Amino acid sequence: MARRLSDKTKQKLKMGRGTGKNYKPYITTSEFNSNGTTSVIKDWKTGRGVHCLSQGEADWYYILRWDDNNVDIREQYPLDNQVTNEIAKKNGIKHPQSESYIMTIDFMVTEADGSLHAYSVKISKNSLSKRSLEILCIEKAYCIAKGIKYTLLFKEDVNQTLVNNIRLVTEFYDPLTVFDKYSAIKHKIAIKEYLVQMDKRVITDIILDELLEDDKE
């Protein structure tokens, strides 16, 4: 049985705070009944468990983390309650759940230049209800007020080949996980020593053999 934590408990546990490997998401997968859509992904660069509340979030996490311009990704990031309430009232929108409710954004990304870029993930453009659009309006207005870039992502736009390849090679990001010639080449791809087109075709042993042959020349 899932157990939702109170905001008081979350604040005591310092959830929604920290950076890098020390960040604690404001919402965790343990607060939801398991239905096959939530997952905890290992950040291959820090080793931290990343809590994704949908398959779309998981897919986009891999893509965002693969981009070296994104130096830190904080999932289920809490927004300032006072600001979200002010935005809701100004725009005539009912604040989610209650005025005391802490809204979160799916990903708050710190880019290489130190700027922030927020991302919200939804299933598809056609799945957005009027209420969903109202909440997204609050999120976007919040980011504008804070000087944060904002992007809405959709699961339907995910390049699954890219995601599968990222998952495949980053399993061997840590050199201690290398055990044969194939894991060794995947490690080199994961650390960007070998640049491979990741979004067009699935990386197979045949492709890895080609890379090994090229490496010998």
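The values are calculated or read from the model by the stated rules, or taken from the named source; none is laboratory data. Here the structure is a predicted model, which means the values were calculated and not measured. Don't worry about glycine lacking a Cβ; one is built from the backbone with ideal geometry, like all the others, and counts go over all protein chains shown. Heavy atoms of the whole protein, side chains included, go into the accessibility calculation; ligands, DNA and RNA do not. Shrake-Rupley method; radii C 1.70, N 1.55, O 1.52, S 1.80 Å.
From Cα pairs below 8 angstrom and at least 6 apart in sequence, can you work out the relative contact order of region 80-166, rounded to a whole percent?
28
Angle between the Cα long axis of helix 205-216 and the longest principal axis of the chain, 0 to 90 degrees, nearest 10?
Orientation of helix 205-216: about 60 degrees from the principal axis.
What percent do you get for the relative contact order of the chain when only Cα pairs under 8 Å and 6+ apart count?
Worked out over the chain, it gives 15 percent.
Counting alpha carbon pairs within less than 8 Å and at least 6 residues apart, what relative contact order, in whole percent, applies to region 5-80?
Reported as a whole number, the value is 29 percent.
How much mean residue ellipticity at 222 nm does the chain get from its helices, if each DSSP H run of length 4 or more adds -39500 (n - 2.57) and you divide by all residues, to the nearest 500 deg cm²/dmol?
Per the formula, -11000 deg cm²/dmol.
Could you give the length gained by full extension between S39 and Y101, i.e. 0.36 nm per residue of separation minus their alpha carbon distance, to one decimal place?
Between S39 and Y101, full extension yields an extra 19.9 nm.
For the chain, give the percent of accessible area contributed by carbon and sulfur heavy atoms, probe 1.4 Å, rounded to a whole number.
Answer for the chain is 51 percent, counting heavy atoms of protein chains only.
Given a cut-off of 32 Å, name the pairs among K42/K90; K8/K146; K10/K42; K8/K192; K8/K42; K45/K130 whose C-alpha atoms lie farther apart than that in the structure shown.
Where the Cα-Cα span goes over 32 Å, the pairs concerned are K42/K90; K8/K192; K45/K130.
List the chymotrypsin sites (Phe, Trp or Tyr not before Pro) in region 127-217 that DSSP assigns to loop (not H, G, I, E or B) and whose Cβ has at most 12 other Cβ atoms within 10 Å. Which are they?
Those satisfying the criteria are F179.
Would you kindly compute the Cα radius of gyration of the chain and its largest Cα-Cα separation (Dmax), both in Å?
19.4, 66
Helix 55-66 sits at what angle to the longest principal axis of the chain, using alpha carbons and giving 0 to 90 degrees rounded to 10?
The two axes meet at around 60 degrees.
Can you give me the angle between helix 160-170 and the longest principal axis of the chain, using Cα atoms only, in degrees from 0 to 90, rounded to the nearest 10?
Relative to the chain, helix 160-170 is tipped by roughly 70 degrees.
All other residues with a Cβ under 12 Å from the Cβ of L133 taken together, and with Lys, Arg as +1 and Asp, Glu as -1, what is their net charge?
Combined, the nearby Lys, Arg, Asp and Glu give +3.
Find the accessible area per residue for the chain; the probe is 1.4 Å, ligands and nucleic acids are left out, and the unit is Å².
56
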